[in-house]
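The values are calculated or read from the model by the stated rules, or taken from the named source; none is laboratory data. Everything quoted here is computed from the prediction, not taken from an experiment. Neighbour counts are summed over all protein chains in view; Cβ atoms, including those assigned to glycine, are modelled from backbone coordinates with ideal geometry. The accessibility values were calculated without ligands, DNA or RNA, using every heavy atom of the protein model including side chains. Shrake-Rupley method; radii C 1.70, N 1.55, O 1.52, S 1.80 Å.
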Amino acid sequence: QVQLVESGGGLVQPGGSLRLSCAASGRIFSINVMGWHRQAPGKQRELVAQVTSGGNTNYADSVKGRFTISRDNANNTVYLQMNSLKLEDTAVYYCQADLKTTDWGPQYRYWGQGTQVTVSS
């Protein structure tokens with residue numbers, strides 16, 4: 001079994017900052033890509049940022065320059081530092097990990113349970 005546990009969401013004023021964390025645990029052989037997606041009410045889930053095991057990153061245009069994704073490979077943890085938050089960043093944020101549980105098995109995408117981020121004055 002694999003679990004992704006997120007933390008760090010909450011309520012913040014516009015212009016504020018939050019840091020999300022997501023730790024993967026369980027039977028893990030290797031993790032390729034880790035990332036964050038978000039889903040606002042009435043909207044589809046969208047990619048926010050991803051980072052490979054080698055440290056390559058990509059971001060949604062809407063968060064470039066404001067959000068920073070990083071990971072701790074030794075602890076199977078991914079972080080999302082969110083600065084200059086805007087009202088439109090309000091959403092449930094989901095952690096993603098593309099991983100293998102064995103050397104010979106396929107890679108699957110696992111998801112966290114989601115953490116609420118609310119930006120409001």
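For the chain, which whole percent of the accessible surface, found with a 1.4 angstrom probe, sits on carbon and sulfur atoms?
Values: 2920 of 6430 Å².
Summing carbon and sulfur atoms, their accessible area is 45 percent of the total for the chain.
Taking 0.36 nm per residue of separation and subtracting the current Cα-Cα distance, fully stretching the chain between Val2 and Thr68 would add 21.2 nm. Other residues lying with their Cβ under 13 Å from the Cβ of Arg27 contribute a combined charge of 0, Lys and Arg counting +1, Asp and Glu -1. When only Cα pairs below 8 angstrom with a gap of at least 6 residues are kept, the chain shows a relative contact order of 36 percent.
Restricting the trypsin sites (Lys or Arg not before Pro) of region 1-73 to loop positions (DSSP other than H, G, I, E, B) with no more than 16 neighbouring Cβ atoms within 10 Å leaves Arg27, Lys43, Arg45, Lys64, Arg66.
Under Stokes-Einstein, with the Kirkwood radius over Cα pairs standing in for Rh, what whole-number D in µm²/s applies to the chain at 37 °C and 0.692 mPa s?
Values: Rh = 14.5 Å.
Calculated translational D: 227 µm²/s.
Summing Lys and Arg as +1 and Asp and Glu as -1 over all other residues whose Cβ lies under 12 Å from the Cβ of Gly55 gives a net charge of 0. Placing a label point 7 Å from the Cα of Lys43 along the Cα-to-Cβ direction, the residues of region 95-121 whose backbone N falls under 13 Å from that point are 117-119. Among residues other than Val12 with Cβ under 14 Å from its Cβ, the summed charge is +1 (Lys and Arg +1, Asp and Glu -1). Under the combined filter of DSSP loop state and at most 14 neighbouring Cβ atoms within 10 Å, region 1-91 retains these chymotrypsin sites (Phe, Trp or Tyr not before Pro): Phe29.
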